[in-house]
């Protein structure tokens with residue numbers, strides 16, 4: 001009787017690694033942390049982002065500033081737990097004879113944890129962007145803020161995993177979570193001016209409502225942040241492979257770590273050369289694309305008023321509020337010689353003055369012999385950071401009221417007493433806080449309380465609308481030319 005022995009053929013290359021990955025994916029601790037990640041995302045990033053106006057730039061920036069912090073506890077905790085698994089169970093002697101190196105085993109465990117975390121992150125971003133797509137009236141998704149978070153997930157996972165490998169203790173997980181959470185969050189506090197090396201922090205994003213509205217989104221800073229996060233991940237994973245591995249795995253780990261460190265350092269140096277670009281974004285010369293300097297074409301949305309009011313289509317929902325805010329001023333100027341043809345929203349201009357960013361706009365322009373006043377919509381919109389509609393209305397009136405009245409009254413280069421008095425009176429009757437502006441005569445050019453111009457302004461403001469408007473119609477040209485004095489005012 002002959003005994004037949006079945007022989008197995010050679011195992012396909014990579015089959016054992018595939019089985020190991022499949023096993024780690026099934027038993028990864030990160031699977032049980034997915035509901036925690038989703039809950040933290042909903043409680044913080046999702047609620048904070050959807051509470052803002054439905055603008056792609058606002059919600060994408062808010063998401064970038066908070067979503068990575070939401071993923072720190074579940075991702076870092078799960079990675080640190082998996083990294084410390086062999087050390088906690090004292091399995092060094094047991095697994096010393098396995099055919100795969102320790103670096104391979106650890107990389108597979110880290111990769112499985114990171115894959116689950118990345119899937120959860122992409123799902124959360126997809127939900128937020130899907131809701132925004134159904135609400136936004138203009139523009140499209142900003143992918144670079146999402147890419148920064150996607151590159152940050154492997155980085156925080158690798159950080160937790162490395163700490164777990166080298167400090168396998170029962171307190172490793174909570175202490176690592178606290179350290180990464182507060183280190184990442186407090187990394188924003190040293191950022192006061194541009195340039196700042198701390199802007200490489202993946203939570204940093206330009207916090208203003210005009211980004212990616214009048215000009216394309218500038219990806220210079222996100223590119224540098226992604227390079228930093230990828231380099232950090234590579235450096236940390238290289239460190240894992242240095243101890244207890246064979247000759248070639250150690251060399252590969254050292255090369256990976258060196259490349260990662262070089263990438264991270266390069267990105268930090270690039271961020272150190274950054275400067276504000278004038279449109280609220282950050283320009284890095286080495287990553288600059290001249291195509292981002294060209295304005296985004298758009299068709300303004302205008303109201304049906306005697307003096308036309310137009311806004312950017314991204315802000316179309318706020319056109320009624322802007323029109324109501326400017327209504328009293330426009331009512332005083334309608335029909336007066338020299339009155340503006342229209343009020344159009346323009347791109348804000350950002351200038352850094354010390355540690356503060358000053359926001360301004362372009363002056364009036366002339367179309368067909370009549371002025372068109374530029375309007376800079378306040379950087380904070382209703383519903384953002386607690387801004388109410390009433391506060392937004394006052395901000396719009398204060399921002400554009402003086403420019404509108406100046407087209408009729410005249411102010412440059414040195415307004416006379418009659419011009420200052422009439423300007424003050426029109427601001428008062430239009431509901432603009434002229435008293436607060438008059439308290440700063442050096443900045444606004446308005447008469448200070450107690451002066452003859454201030455008293456004349458009060459008398460002119462007390463006149464009936466018909467009397468005041470008729471006088472303006474008859475004397476606007478002479479007033480604008482500076483030919484009238486306080487005695488000529490009624």
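For every residue, the table says whether it meets (1) modelled with pLDDT under 85; (2) more than 30 Å from residue 134 (Cβ to Cβ).
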| position | (1), (2) |
| --- | --- |
| 311 | no, no |
| 321 | no, no |
| 334 | no, yes |
| 338 | yes, yes |
| 352 | yes, yes |
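Of all the criteria given as (1) closer than 30 Å to residue 108 by Cβ; (2) surrounded by 15 or more Cβ atoms within 10 Å (Cβ to Cβ); (3) at pLDDT 85 or above, the one not satisfied by residue 39 is (2).
To keep it simple, each residue is scored yes or no on (1) touching a strand residue (DSSP E or B) at 6+ places or on another chain (Cβ under 7 Å); (2) surrounded by fewer than 23 Cβ atoms within 10 Å (Cβ to Cβ); (3) outside any helix (DSSP H, G or I).
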| site | (1), (2), (3) |
| --- | --- |
| 160 | no, no, no |
| 212 | no, no, yes |
| 218 | yes, no, yes |
| 223 | no, yes, no |
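As a summary of the residue check, residue 131 satisfies the conditions (1) in contact with a helix residue (DSSP H, G or I) (Cβ under 7 Å, 6 or more places away or on another chain); (2) surrounded by 17 or more Cβ atoms within 10 Å (Cβ to Cβ); (3) in a helix (DSSP H, G or I) except for the one numbered (2).
May I ask you to list the residues in the range 249-308 that are at positive phi and buried (at least 16 other Cβ atoms within 10 Å of the Cβ)?
Across the range 249-308, the qualifying residue is only 280.
Table: residues versus (1) buried (at least 19 other Cβ atoms within 10 Å of the Cβ); (2) at pLDDT 75 or above; (3) part of a helix (DSSP H, G or I).
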{"residue": "391", "(1), (2), (3)": "no, yes, yes"}
{"residue": "396", "(1), (2), (3)": "yes, yes, yes"}
{"residue": "404", "(1), (2), (3)": "yes, yes, yes"}
{"residue": "419", "(1), (2), (3)": "yes, yes, yes"}
{"residue": "436", "(1), (2), (3)": "no, no, yes"}
{"residue": "442", "(1), (2), (3)": "no, no, yes"}
{"residue": "446", "(1), (2), (3)": "yes, no, no"}
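Comparison of 47, 7, 90, 105 shows that the only residue that is outside any loop (DSSP other than H, G, I, E, B) and modelled with pLDDT under 90 is 105.
From 322, 329, 268, which residue is in a helix (DSSP H, G or I) and touching a strand residue (DSSP E or B) at 6+ places or on another chain (Cβ under 7 Å)? Give the steps one after another, and end with the answer.
On the way: 329 fails: touching a strand residue (DSSP E or B) at 6+ places or on another chain (Cβ under 7 Å); 268 fails: touching a strand residue (DSSP E or B) at 6+ places or on another chain (Cβ under 7 Å).
Of the residues listed, the single one that is in a helix (DSSP H, G or I) and touching a strand residue (DSSP E or B) at 6+ places or on another chain (Cβ under 7 Å) is 322.
Here residue 349 qualifies as closer than 15 Å to residue 375 by Cβ and surrounded by fewer than 16 Cβ atoms within 10 Å (Cβ to Cβ). In the range 164-180, how many are buried (at least 22 other Cβ atoms within 10 Å of the Cβ) and more than 18 Å from residue 117 (Cα to Cα)? Residues meeting the conditions: 2. Screening residue 117 against (1) touching a residue at least 12 places away in the same chain (Cβ under 8 Å); (2) under 17 Å from the mean Cα position of the chain (by Cα) leaves a single unmet condition, (2). What is the one condition in (1) surrounded by 14 or more Cβ atoms within 10 Å (Cβ to Cβ); (2) at pLDDT 75 or above that residue 357 does not satisfy? Going through (1) surrounded by 14 or more Cβ atoms within 10 Å (Cβ to Cβ); (2) at pLDDT 75 or above one by one, residue 357 breaks only (2).
Conditions (1) at pLDDT 85 or above; (2) assigned by TED's automatic domain parsing to the domain that holds residue 29; (3) out of contact with any helix residue (DSSP H, G or I) (no Cβ under 9 Å at 6 or more places or on another chain), marked per residue:
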site	(1), (2), (3)
140	yes, yes, no
182	yes, yes, yes
185	no, yes, no
194	no, yes, yes
208	no, yes, no
226	yes, yes, no
235	yes, yes, no
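The values are calculated or read from the model by the stated rules, or taken from the named source; none is laboratory data. What you see is a predicted model, and the numbers here were worked out from it, not measured in a lab. Cβ coordinates were reconstructed from backbone atoms using ideal geometry, including for glycine residues, and neighbour counts include every protein chain displayed.
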